[in-house]
Each structure stands twice: as structure tokens, then as C-alpha cells.
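Trainee: Sharing a structure, written as C-alpha cells. Questions coming.
The values are calculated or read from the model by the stated rules, or taken from the named source; none is laboratory data. Only a predicted model underlies this, so the values are computations on that prediction, with no experimental measurement involved. Quick reminder, even Gly has a Cβ in these numbers, built from the backbone with ideal geometry, and neighbours come from all protein chains shown.
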Amino acid sequence: MIFFFGVKGKSVHNELLKDQECTHCGQVNTTYLDFTSRYVHCFWIPLFSIGKKAFTYCSHCKQALSQKEMPVVYKSAVERHKDNAQTPIWHYSGLLIFCLLVFLFFSVI
């Protein structure tokens with residue numbers, strides 16, 4: 001039997017960092033903060049979430065930075081905005097379907 005499983009990510013929160021200067025090109029109001037939630041899937045049905053990652057990118061020079069590469073100014077913005085980036089409930093839909101099937105199976109027996 002073949003199983004298709006893996007890890008996939010989806011952007012859950014994207015926000016412009018107002019009055020923030022890009023550390024690479026120096027343009028103001030071009031830096032965006034993006035939170036990506038990752039989840040495990042089986043047959044492309046999300047089972048459960050495995051965490052969030054933060055990225056910044058500049059719409060002018062296209063520089064993208066992961067959280068490890070960010071300067072302190074960007075890291076403070078990540079801390080301020082990470083509560084706005086909540087994991088969607090559908091990232092757990094496969095787990096909910098599985099629990100429902102197990103409940104139905106044992107209730108019939």
C-alpha cells in the first residue's frame with residue numbers, strides 16, 4: 001500500500017512593518033513580516049501542526065530573512081506580532097476525522 005505523507009506550510013499572517021527601514025536597501029515601508037504554519041499531512045489531509053516560523057522580506061530589493069538571520073529590530077517585531085498569527089483549526093482536520101472514525105467504529109461494536 002502506498003502512503004503519501006509529508007510536511008507542508010501555509011502563510012497564516014502577513015503584515016507590513018510600518019515605518020521600518022529595510023536593512024539591505026534602506027527603503028522605508030517595504031518590509032513585510034510573514035508567519036508560516038507548518039503541518040504534517042497524509043494523502044494531503046492535514047493531521048496536526050508542527051509549529052510556526054517567521055520570515056521577513058522586502059518588496060523592493062526582495063531580500064528574505066529567516067528568524068535566525070534577522071537583525072534585532074526585526075526580531076522585536078516578531079515578538080510583538082506573533083500572537084496575531086494563530087494556527088488555523090483546519091491544520092488538525094485529519095486528526096479530528098480520525099478520532100471521529102474511531103469513535104464511530106467503537107460505538108457500532
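Trainee: Is there a residue in region 20-38 that is closer than 22 Å to Thr87 by Cβ and loosely packed, with under 13 Cβ neighbours inside 10 Å?
Mentor: No.
Trainee: Could you list all residues from region 58-87 that are in contact with a His (Cβ under 9 Å, 6 or more places away or on another chain) and at pLDDT below 90?
Mentor: His81, Lys82, Asn84, Ala85, Gln86
Trainee: Mind checking which strands (runs of 3 or more DSSP E) fall wholly inside region 25-109 and carry at least 2 residues that are without any contact (Cβ under 8 Å) to a residue 40 or more places away in the chain and farther than 20 Å from Asn14 by Cβ? Steps first, answer last, please.
Mentor: Details: elements: 31-42, 45-58, 64-66.
By residue number, no strands (runs of 3 or more DSSP E) qualify.
Trainee: I've got another one for you. Which numbered condition in (1) farther than 28 Å from Trp90 by Cβ; (2) buried (at least 17 other Cβ atoms within 10 Å of the Cβ) is the only one that Lys62 fails?
Mentor: (2) is the only condition that Lys62 fails.
Trainee: If you don't mind, another one. Quick test of your reading of the structure: Ile2 fulfils all but one of (1) part of a strand (DSSP E or B); (2) free of Cβ contacts under 8 Å to residues at least 40 places away in the same chain; (3) surrounded by fewer than 13 Cβ atoms within 10 Å (Cβ to Cβ); (4) not hydroxyl-bearing (Ser, Thr, Tyr). Name the failing condition by number.
Mentor: Among (1) part of a strand (DSSP E or B); (2) free of Cβ contacts under 8 Å to residues at least 40 places away in the same chain; (3) surrounded by fewer than 13 Cβ atoms within 10 Å (Cβ to Cβ); (4) not hydroxyl-bearing (Ser, Thr, Tyr), the lone unmet condition for Ile2 is (1).
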